[in-house]
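Values quoted throughout were computed directly from the atomic coordinates according to the rules given, and no laboratory measurement underlies them. Just so it is clear, the structure is predicted and the values come from calculations on it, not from any experiment. In this analysis, Cβ positions are derived from the backbone assuming ideal geometry, glycine residues included, and neighbour counts consider all displayed protein chains.
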Amino acid sequence: MDVDTTVEAIKSMEIRGAGRIARAGASALADYATNFKGDDPKGFIAGIMDSRDRILGSRPTAVSLWNGVHATIKGVDACDTVEGMRELIVSNAERFNKASLDAVKTIGEIGAKRIQDGDVILTHCNSSAALSVIKTAFRQGKKFRVYATESRPWRQGILTVNELAKEGIDITLIIDSAVRSVMKSVTKVFVGADTITSHGTLVNKIGTSQLALAANEARVQFYVCSETYKFSPMTLFGDMVTIEERDHDEVAKREILDPAVKIFNPVFDSTPSKYIDGIITEVGLISPGSVYHVMTDQLGDDIFKLIG
Ligand code: RI2
């Protein structure tokens, strides 16, 4: 898919989910590189940087998109020829996309060990990483049931319940405001991540922090399922995570409202690390306090290139 089509598909949420948008961004850059005509390196670089900026502008919150795009263009400025740049970008995109899919699978294998017979699981929105954990446990023969929130306003919960039902999992859809009510019978919560900051704060679908508070009150374990490319290097340098606000029409059509009514539609919220029992990543089950170390280990000296 080309860059323009990818940007529109991400904006409209035809392609959504933090991991999926990252892979789509990487693939769009590979498409640009493959289809670039001519042999002018400067022209190639100008086009790739413009594509990078447009892809990054499609959705602001999930750092997976930023990490995926930068993993794809890494090293391009050191190439002398268009052919060299093309090969590098295509191979970087393939490597990122494979690592991303492998990470989701590994998270499933690690996280499934936390699920036991008799568990009652609650999940929120539609996270491929969280669903990988749940599906892996089910395929291992574990007996449990799952509640999934509707996740207003976009209702990604409908995708979740259908996906789990197709798998044969005992799944119950609830409205978002039923979370505290069902928490009495829940034993574990598994959610995904859009961004995790250097100090272990989770940024995920709006309503996640309510789940965390209710879980904390009920002493229910709260797990985050997150590939490490959802860790935000910029937050190390004090940058704030931008919380996306989407179209008001997603909340309610104007025609049913008094003209004086205002609408506020933030689609992500922040959950402080103290509410998180563990982050299940492809490099292991870690504490929120370990995010800094994993991030700096992975970035090595590259971390200094991000300061300026
Ligand atoms: P995976 C989604 O955002 C949800 O917030 C979900 O928890 C997160 O991305 C991670 O999804 P949206 O794109 O990468 O639906 O685990 O706004 O699939």
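For the reader, a short list of remarks on this structure follows.
- Extension gain, GLU94 back to MET240 (0.36 nm per residue minus Cα-Cα distance, nm): 49.6 nm
- For the stretch 3-105, relative contact order (Cα pairs under 8 Å, six or more residues apart, normalised by length) works out to 37 percent.
- For the stretch 210-308, the gyration tensor built on C-alpha atoms gives an oblate shape. Its axis ratio a/c (a ≥ b ≥ c) is at least 1.5, and a/b is not larger than b/c.
- Once the C-beta distance of ALA218 and ASP170 is scaled by a Förster radius of 22 Å, the resulting FRET efficiency is 0.60 to the nearest 0.05.
- Charges were assigned to the Cβ only: +1 to each Lys and Arg, -1 to each Asp and Glu. The resulting dipole of the stretch 3-105 about its Cα centre is roughly 540 debye.
- Overall form of the stretch 107-307: oblate. Here a/c, set by the Cα gyration tensor axes a ≥ b ≥ c, is 1.5 or more, and a/b is not larger than b/c.
- Cut-off 20 Å, label 7 Å out along Cα→Cβ of ARG20, residues of the stretch 132-167 by amide N: 132-136, 148-167
- With contacts taken as Cα pairs under 8 Å and at least 6 residues apart, the chain reaches a relative contact order of 17 percent.
- Stretchable slack from LYS42 to ASN162, in nm (0.36 nm times residue separation minus alpha-carbon distance): 38.4 nm
- The stretch 46-149, relative contact order [Cα under 8 Å, separation at least 6], %: 21 percent
- Nearest-ten-degree value, helix 18-35 long axis tilted from longest Cα axis of the chain: 20 degrees
- Inverse of mean 1/r across different Cα pairs in the stretch 3-105, Kirkwood, Å: 13.4 Å
- Simple spin-label estimate for ARG155 and MET13 in nanometres, 7 Å along Cα-Cβ: 1.1 nm
- Nearest-ten-degree value, helix 41-56 long axis tilted from longest Cα axis of the chain: 20 degrees
- Two-site label geometry, ASP102 and ASP117: point separation in nm, points 7 Å out along Cα→Cβ: 3.5 nm
- Per-residue ellipticity at 222 nm computed for the chain from its helices equals -14000 deg cm²/dmol, with DSSP H segments shorter than 4 residues left out and the rest contributing -39,500 (n - 2.57).
- Annotation: extensible slack from GLU83 through HIS248 equals 54.9 nm (criterion: 0.36 nm per residue apart, minus Cα-Cα distance).
- Per-residue Karplus couplings for the stretch 118-131, computed as 6.51 cos²θ - 1.76 cosθ + 1.60 with θ equal to phi - 60°, are listed in order as x, 5, 10, 9, 10, 10, 10, 6, 9, 10, 5, 5, 5, 6 Hz, Gly and Pro entered as x.
- C-alpha long axis of helix 63-73 to longest principal axis of the chain, angle in °: 20 degrees
- When the Cα positions of ALA148, VAL186, VAL69 are compared along the charge dipole of the chain, VAL186 comes out farthest toward the positive end, with charges on each C-beta of Lys, Arg, Asp and Glu.
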